[in-house]
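The values are calculated or read from the model by the stated rules, or taken from the named source; none is laboratory data. The model shown is predicted, which means the values in this text are computed figures rather than measured ones.
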């Protein structure tokens, strides 16, 4: 029979000292996974991604077989219609001699409908137009 001293609080014994030596530490939380479990999960995901990348030569032609017919059925864009017109010189006999600011009711923005490089501008903004 062991004569180990007993721990007491007041009149009630808590635990014998022999029980302290043989008791297990508090168990870990069940939700915590060991480090090797996380490493194994990462290795599994990485190997699946690597396998997909390595075997892409087999499944890429299948995907192209789905994509290319849709592009082939699309109508081809038509060429833009370009027309040419001769420039006309005309007089605009409207003059007002005064100080102030003149704002036009209507304005025109000249834009080309054909892509290209503008080589020369034969007028300056605000320039008086003459024949």
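Would you point out which residue out of 58, 28 is part of a helix (DSSP H, G or I) and either at pLDDT below 80 or on the phi > 0 side of the Ramachandran plot (or both)? Talk me through it step by step, then tell me what you get.
Numbers: 28 fails: part of a helix (DSSP H, G or I).
Matching residue, one of 58, 28: 58.
Residue check: is residue 44 modelled with pLDDT of 80 or more and either part of a helix (DSSP H, G or I) or under 27 Å from the mean Cα position of the chain (by Cα) (or both)?
Values: modelled with pLDDT of 80 or more: yes; either part of a helix (DSSP H, G or I) or under 27 Å from the mean Cα position of the chain (by Cα) (or both): yes.
Considered against the rule, which asks whether it is modelled with pLDDT of 80 or more and either part of a helix (DSSP H, G or I) or under 27 Å from the mean Cα position of the chain (by Cα) (or both), residue 44 comes out as yes.
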